[in-house]
Amino acid sequence: MSFTLNNVNIGIIGLGYVGLPLAVEFGKKYQTIGFDINKERVTALVDGHDSTLEVSDEELADVKQLNFSCNKQDLANCNIYIVTVPTPIDDNNSPDLNPLRKASGLLGEFVKKGDVVIYESTVYPGATEEVCLPIIEKTSGLVFNKDFFAGYSPERINPGDKVNTLTKIMKITSGSTPEVGQFVNDLYSSIITAGTHLAGSIKVAEAAKVIENTQRDLNIAIINEFAKIFNKLGIDTEEVLDAAGTKWNFLKFKPGLVGGHCISVDPYYLTHKAQEVGYRPEVILAGRRINDGMGEYVATQLVKKLSSQKIHVDEAKILVLGFTFKGDCPDVRNTKIIDIVDELKDFNMSVDVYDGWANPVEVEHEYNLSLINSLTEDHYDGIVLAVDHSEFKKMGVDAIRKFGKQKHVLYDVKHVFGSKDSDIRL
């Protein structure tokens, strides 16, 4: 069977941080349907606005071959399907493949002979062929690699990053046969200006993606451990990193909270598969334990500092600036700021959280937390600068300190300001 880019009709399943930018780029060249089960999300996109802020209203308005729908029947005429649904973890840190299973079941209703299904969601090596494609086979009655075909091209979206956008990041591609692999590669090459890398198999592409974020997670974990050690030694961590960074091969990672839908999640996909095949990963899980515990560590450090300054901890008023998982981004998925908030509340403190980027309704629904919408001066015993939003940088440290009482503690978690500007830093 021959595969060409003629008469390509693309269906994107999932219109989040990954799916929407992809739909926009493909919609500039091919007939494209962006499908999502969230009716409010689809309605907003039809009206020309992206609440994730990954795509501007102007860019949405300029795409002429892209339509949005929450009616699955609109997918019937597609011949290329690209799945970009979330792949979270459950309460036991095990992969939750339900969104992928549901998307695969949906596609099984529409996939026809000669169609190609491409997955972008991050998974463990083997998940596409072991979990997803059998569902399509069962639902459609078609035979994989005979009647329909598959590819895997892992997403590399960096939410909030306006420099390293979709087309400027090299794309890994793969296919279930050499011919399909070349077709998938050609398809993405038509929109990705940074180039593509055709992997030898779907499993190789899956593995490459999952270790990208696992490696980053481990690099941050060792820096977080360094920070804990240096705090005990009374050494400023940033000064140490700046000094070490003068060597050409030193990796300049910074300490911090590791949240979001990728770095703090993907390692568990790899460790799950490793344990399934009989290998107990040690380094990866150790890094996860360190990073998962940083919220509690920050809260404990603040409590100690308050006590050392003779500020009464019980019923102290604390202001947390920032709640999203990263700066200048509205994404609150798996934010570790909630760990700081919960730990401080366990010390019987009163905690206010302010974040102009976060959606208050989403925060209330996901975390049972009400954000404050205004800031009061001379009110707080402790201030935690938890996220490096540009808004906070522009305020400056003097303006931020005005929210504190005459005697207060400022904890600069993200090293937004200089070492002498705050009372404590991570």
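The values are calculated or read from the model by the stated rules, or taken from the named source; none is laboratory data. Treat the numbers as computed from the prediction; the structure is a model and nothing was measured. Cβ coordinates were reconstructed from backbone atoms using ideal geometry, including for glycine residues, and neighbour counts include every protein chain displayed. Just so you know, the surface numbers come from the protein's heavy atoms only, side chains and all, with ligands and any DNA or RNA stripped out. Shrake-Rupley method; radii C 1.70, N 1.55, O 1.52, S 1.80 Å.
Structure summary
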item	result
ILE211-ASN98 FRET efficiency (beta carbon distance; Förster radius 22 Å; 0.05 resolution)	0.40
Ordering of 23-32, 119-128 by burial proxy (mean other Cβ atoms within 10 Å per residue, highest first)	119-128, 23-32
Carbon plus sulfur fraction of accessible area for the chain, probe 1.4 Å, in percent	49
Which of LYS112, LYS254 is most accessible, then next, and so on - probe 1.4 Å	LYS254, LYS112
Protection proxy ranking, peptides 50-60, 353-363, average beta carbon neighbours within 10 Å, highest first	353-363, 50-60
Antiparallel bridge percentage (DSSP; both residues within the chain; nearest 5)	5
Cα shape, the chain, gyration tensor, a/c 1.5 rule	prolate
Extension gain, THR300 back to ASP398 (0.36 nm per residue minus Cα-Cα distance, nm)	32.8 nm
Full-extension gain in nm, ASN249 to ASN7, via 0.36 nm per residue minus C-alpha separation	82.3 nm
Simple spin-label estimate for LYS345 and VAL143 in nanometres, 7 Å along Cα-Cβ	5.7
Degrees between helix 202-233 axis and first principal axis of the chain (Cα, 0 to 90, nearest 10)	0
Between helix 266-276 and the chain: long-axis angle, C-alpha atoms, 0 to 90°, nearest 10	70
Pair ASN219, THR167: separation of 7 Å Cα→Cβ label points (nm)	2.7
List GLU40, GLU225, ordered by accessible area with a 1.4 Å probe, largest first	GLU40, GLU225
Net lengthening on full extension, ASN359/ASP57 (0.36 nm per residue, minus Cα-Cα)	106.9 nm
Order by protection proxy (mean Cβ within 10 Å, highest first), peptides 290-302, 167-179	290-302, 167-179
Average accessible surface area per residue within the chain, 1.4 Å rolling probe, Å²	45
Sites matching trypsin sites (Lys or Arg not before Pro) across the stretch 362-426 that sit in DSSP coil, with at most 11 neighbouring C-beta atoms within 10 Å	LYS420
Efficiency of FRET between SER201 and VAL277 - r from beta-carbon atoms, R0 22 angstrom, step 0.05	0.85
Listed residues PHE183, PHE250 arranged by accessible area, highest first, probe 1.4 Å	PHE250, PHE183
Amide hydrogen neighbours beyond the local backbone of HIS197, cut-off 5 Å, H modeled	LYS171, ILE172, THR173
FRET efficiency, LYS113 to ASP186 (Cβ-Cβ, R0 25 Å, nearest 0.05)	0.75
C-alpha long axis of helix 294-308 to longest principal axis of the chain, angle in °	10
